[in-house]
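Visitor: Encoded as structure tokens, here's the structure I'll be asking about.
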Amino acid sequence: MSYLNHSHKRLRTIDLTFSAALLLLTMMLFLSYFIRTELTKTNVLTQHTYDVIMAVDNLNNSMLQAESSRRGYILTGNVQQKSRCEIFAQSAQENLREVKELTVDNQSQQRRLARLDELMQRKIAIFKFSISHYDRMGFRGPEQAQLTEEGTSLMTAVRTGIDEIKSHEKTLLSERRARERTTLLILTVVVLSGILIAIILLSLSYYIARHESRSHIIAAGDLQAANRDISDLSSMTQLLQSCADFEEARGILSCYGEKFFPKDPGGIYLLNPSRTLMTDAATWGGTDRKPFNPDQCWAMRLGQTHLSAAASDVQCQHVEVGGSRAHLCIPLAAHHETLGTLSLDLGLPQGTDEEFLERKRLKAGAFAEQVALAVRSLQLREQLRELSIRDPLTGLLNRRQMEESLLREISRATRTRQPLSVVMLDVDHFKNFNDTFGHEAGDHVLKEVGQVLQKNVRDSDIACRFGGEEFTLILPEADCDTALEICNRIRSSVKELQLVMGRQHLGHITISAGISVFPSDGDTIQQLLATADEALYEAKEKGRDRVIGSCTALRTTETDSKT
């Protein structure tokens, strides 16, 4: 009887245990379903916020590109820049409409967008008026400067409005991601708690819970790894955006390449300016730093990721022949332009399972995407810097940069007690040449003279366009005789030019030059330029096609005394 009672109690305990387990599992299912639904909604909202931020970024980029193209058209008269300005202005309006559609349910954003729309319309009107004014009147500095000043203030207001919209979306994104993390945390706690109780109640549930626990552990590990990767990518992007040049970026890319792929040697290879060679921008893990031809990389030729993971797969020609490890190449593309490639030796035998290779490929793809954007940003900054210091017609340094360089060289000459020569150089009868052949031919002459200057000066010399048909040479550690020798060499090269534009022969041109020497002819920028300018006018008065300086005057005096 006692045995039966104990058996009955055990049965009741088992019934209660199973009932409790089933009830618990049922509750867990309903609760998990509810939490998962909420998590899905949060994910949708988060993705929507990302879409808004991307659309705002596209809007900002379109406005910047339109402004850059307008300036390029005003400065160069290149009709392609005019077309680009119109295209990007239209694109900006389309982007604004897209942002409005995405934020139609957000009244505060709609109000901001309404203000932004008004500012953009005014800015685009300035674009059109500036281009129209240029088309009708040609380049007029004061009018264009006034338009540029007004456009700059409007652009600042536009960017401020964009930043406000983006800041609001980022706030929403932070709130939604926090809600997502909280929901995910609740889901994890509920599931793990249920599994723990199920393990205690049911031996069968133990095996099921063990499998489920392993799945959740792997997912949590992947999620943590993904979060770390996102954080590292964000840090790398911020550092790269703060770089002044590619030398700084090289160290950052190598550091983060090692961090992202500690067991996978690799490198980032970029196309050289002539797009004929791939040179390393950063390497890690002892990777071969030899440059290679773009055609040797299948990723560059196909414009897509190339993975050689099996013995039968085709390998890139720049990869070591006979290697038994998988290799991955990803093209670096940004703004519809291929910049180079990310090359990775995956550090694992060929034939590894596809799931692992896919995770590697996705991680490398995210890294390559951020690197491409950062590298393109650096290249654009370098191009803008070049445009700000160089004359767009001749490629020589502009007047502002000439004055800064001359001031620096005067300081250096004062410290080292070395001579410094300044040359003012002018194309003879340039106005008559323009009147005879037209301004296009005149521009062609100025380009040719600029090339002659670059070819005939020393590496340490600085060639600049002073303005119009006047050029300036800064010759460090050069006395009057050395400067005279350089100027005569340039003068002879200019006389030998065969000027042809289309089928029209433009004849020959000559130049005149004046030399001033620091410190004998002056110890300030103004004095040196004035003395060189006076010598230049003297050369013109004496018949042109000659160089005048203090040393030439001395030689003339000596010749007269001997006579």
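Visitor: Only one residue in K128, K100 is more than 17 Å from M155 (Cβ to Cβ), part of a helix (DSSP H, G or I) and open to solvent by 50 Å² or more (accessible area, probe 1.4 Å). Which one?
Guide: Checking each option against the conditions leaves just K100.
Visitor: Tell me the residue from E369, E403, E386 that is out of contact with any strand residue (DSSP E or B) (no Cβ under 7 Å at 6 or more places or on another chain), at pLDDT 85 or above, open to solvent by 20 Å² or more (accessible area, probe 1.4 Å) and farther than 30 Å from S520 by Cβ, please. Give the steps one after another, and end with the answer.
Guide: On the way: E403 fails: farther than 30 Å from S520 by Cβ; E386 fails: at pLDDT 85 or above.
Just one listed residue meets the conditions, E369.
Visitor: Can you say whether S108 is open to solvent by less than 100 Å² (accessible area, probe 1.4 Å), under 19 Å from E169 (Cα atoms), part of a helix (DSSP H, G or I) and among the hydroxyl-bearing types (S, T, Y), as far as the supplied structure shows?
Guide: So S108 passes the test.
Visitor: Within segment 521-531, track down each residue that is assigned to a helix (DSSP H, G or I) and open to solvent by less than 50 Å² (accessible area, probe 1.4 Å).
Guide: I525, L528, L529, A530, T531
Visitor: Between a residue in segment 284-313 that is farther than 22 Å from E358 by Cα and among the charged types (D, E, K, R) and any residue that is surrounded by 13 or more Cβ atoms within 10 Å (Cβ to Cβ) and modelled with pLDDT of 80 or more, which pairs come within a Cβ distance under 6 Å, given they are 6 or more apart or on different chains?
Guide: Final answer for the pair search is R289/T283.
Visitor: Collect the residues in segment 153-188 that are open to solvent by 80 Å² or more (accessible area, probe 1.4 Å) and hydrophobic (A, V, I, L, M, F, W, C), keeping them in residue-number order.
Guide: Scanning segment 153-188 gives L185, I186.
Visitor: Going through segment 241-283 one residue at a time, which ones are assigned to a strand (DSSP E or B), in contact (Cβ under 8 Å) with a residue 40 or more places away in the chain and not aromatic (F, W, Y)? Give the steps one after another, and end with the answer.
Guide: So in segment 241-283, the residues assigned to a strand (DSSP E or B) come out as 266-271, 278-283.
With in contact (Cβ under 8 Å) with a residue 40 or more places away in the chain added as a condition, the list becomes 266-271, 278, 281.
Result: G266, G267, I268, L270, L271, M278, A281.
Visitor: Next question. Which one is farthest from the chain's Cα centre (by Cα) among residues in segment 406-441 that are of a type in the set (G, A, S) and modelled with pLDDT under 85?
Guide: The first filter runs over segment 406-441 and keeps only residues of a type in the set (G, A, S), leaving 411, 413, 421, 438, 441.
Add one more test, that the residue is modelled with pLDDT under 85, and what stays is 438, 441.
On the way: G438: 38, A441: 35 Å.
The selected residue is G438.
Visitor: Right, another one. For segment 488-505, which positions are open to solvent by 10 Å² or more (accessible area, probe 1.4 Å), outside any helix (DSSP H, G or I) and in contact with a helix residue (DSSP H, G or I) (Cβ under 7 Å, 6 or more places away or on another chain)?
Guide: Passing the criteria: L497, M501.
Visitor: Still on this structure, please answer the following. For R412, which of the numbered conditions (1) free of Cβ contacts under 8 Å to residues at least 24 places away in the same chain; (2) surrounded by fewer than 16 Cβ atoms within 10 Å (Cβ to Cβ) fails to hold?
Guide: Only one criterion is unmet by R412, namely (1).
Visitor: Search segment 417-446 for residues being in a helix (DSSP H, G or I) and open to solvent by less than 30 Å² (accessible area, probe 1.4 Å), and hand back the single one that is nearest to P392 (Cα to Cα).
Guide: My answer is L446.
Visitor: Any residue at all in segment 254-266 that's open to solvent by 60 Å² or more (accessible area, probe 1.4 Å), within 19 Å of the chain's Cα centre (by Cα) and at pLDDT 80 or above?
Guide: No, segment 254-266 contains no residue that is open to solvent by 60 Å² or more (accessible area, probe 1.4 Å), within 19 Å of the chain's Cα centre (by Cα) and at pLDDT 80 or above.
Visitor: If G543 satisfies every condition in (1) modelled with pLDDT of 90 or more; (2) assigned to a loop (DSSP other than H, G, I, E, B) but one, which is the exception?
Guide: All conditions pass for G543, except number (1).
Visitor: Which residues, taken from segment 280-299, are within 14 Å of H318 (Cα to Cα) and at pLDDT below 80?
Guide: The answer is D280, T287, D288, R289, K290.
Visitor: Cβ contacts < 7 Å: first residue more than 12 Å from M120 (Cβ to Cβ), restricted to segment 79-99; second residue acidic (D, E) and surrounded by 14 or more Cβ atoms within 10 Å (Cβ to Cβ), any location; separation 6+ or different chain. Result?
Guide: Cβ pairs passing all conditions: none.
Visitor: Follow-up question, since we're still on this one. Quick check on this structure: which one of F466, F518 is more than 21 Å from E541 (Cα to Cα) and open to solvent by less than 50 Å² (accessible area, probe 1.4 Å)?
Guide: Every option except F518 fails the conditions.
Visitor: I've got another one for you. Closer than 18 Å to I162 by Cβ and open to solvent by less than 20 Å² (accessible area, probe 1.4 Å) - does that describe any residue in segment 79-93?
Guide: Yes.
The values are calculated or read from the model by the stated rules, or taken from the named source; none is laboratory data. For clarity, every value in this text was computed on a predicted model and none was experimentally measured. Neighbour counts run over all protein chains shown; Cβ positions are idealised from the backbone, glycine included. Please note that ligands, DNA and RNA were not included when accessible areas were found on the heavy atoms of the full protein model with its side chains. Shrake-Rupley method; radii C 1.70, N 1.55, O 1.52, S 1.80 Å.
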